[in-house]
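Here is the structure we will look at, set down as structure tokens.
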């Protein structure tokens with residue numbers, strides 16, 4: 001079961017696609033979000049969750065004080081579940097219009113007029129190659145707010161992403177088989 005860990009929507013259960021996604025564990029989300037909260041990165045943030053799956057990362061940010069979240073997910077079944085999860089969280093918060101789901105490839109979304117975003121999560125499929133990830137980060141960089149933060153989640157066996165101009169590694173943490181890189 002995936003759920004919202006903390007914030008105003010704490011405890012809300014989130015549906016998860018039957019296959020094709022890899023939800024971030026509660027332990028990793030708890031540690032990640034504790035750091036983001038202590039840095040003030042969530043307060044009224046405009047959040048983008050690329051490769052969103054169920055939307056758990058973006059919706060956790062919304063529960064903890066983000067102003068809005070855009071979930072980008074190519075898989076139609078996963079995008080439908082993400083829409084359902086936005087509805088659950090918005091009902092819990094007593095507000096609507098906080099989240100949007102875009103059923104489109106991450107790179108195609110980033111080629112459009114989007115942003116700026118204060119906080120961006122990228123939890124791409126592990127089979128996404130490093131050159132593709134670097135290309136996505138290059139497309140993303142112009143859509144970041146001035147002090148925008150990017151969080152990339154990958155297998156601990158993956159090399160550090162190739163950061164394009166405008167992004168620099170700020171923090172790296174490993175949790176079992178998962179590694180989280182934060183850049184700004």
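The values are calculated or read from the model by the stated rules, or taken from the named source; none is laboratory data. Just so it is clear, the structure is predicted and the values come from calculations on it, not from any experiment. Backbone-built Cβ (ideal geometry, glycine too); neighbour counts: all protein chains shown.
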ask   = What are the residues in region 78-91 that are surrounded by 13 or more Cβ atoms within 10 Å (Cβ to Cβ) and out of contact with any helix residue (DSSP H, G or I) (no Cβ under 8 Å at 6 or more places or on another chain), if any?
value = 78, 79, 80, 81, 82, 83, 84, 88, 90
query = Can you tell me which of 97, 166, 148 is free of Cβ contacts under 8 Å to residues at least 60 places away in the same chain and closer than 21 Å to residue 78 by Cα?
reply = 97
request  = Within region 23-46, identify whether any single residue is within 24 Å of residue 138 (Cβ to Cβ), surrounded by fewer than 17 Cβ atoms within 10 Å (Cβ to Cβ) and either touching a helix residue (DSSP H, G or I) at 6+ places or on another chain (Cβ under 7 Å) or free of Cβ contacts under 8 Å to residues at least 60 places away in the same chain (or both), and answer yes or no.
outcome  = no
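Criterion first (farther than 26 Å from residue 177 by Cα and modelled with pLDDT of 95 or more) does residue 4 satisfy it? It would help to see each step written out before you state the result.
Values: farther than 26 Å from residue 177 by Cα: no; modelled with pLDDT of 95 or more: yes.
So residue 4 fails the test.
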task = Report, by residue number, each residue of region 156-169 that is surrounded by 13 or more Cβ atoms within 10 Å (Cβ to Cβ) and under 21 Å from residue 34 (Cα atoms).
result = 169
request  = Please find, among 39, 79, the residue that is modelled with pLDDT under 95 and over 18 Å from residue 9 (Cα atoms).
outcome  = 39
ask   = Can you name every residue in region 100-125 that is surrounded by fewer than 19 Cβ atoms within 10 Å (Cβ to Cβ), closer than 18 Å to residue 145 by Cα and either out of contact with any helix residue (DSSP H, G or I) (no Cβ under 7 Å at 6 or more places or on another chain) or free of Cβ contacts under 8 Å to residues at least 12 places away in the same chain (or both)?
value = 112, 113
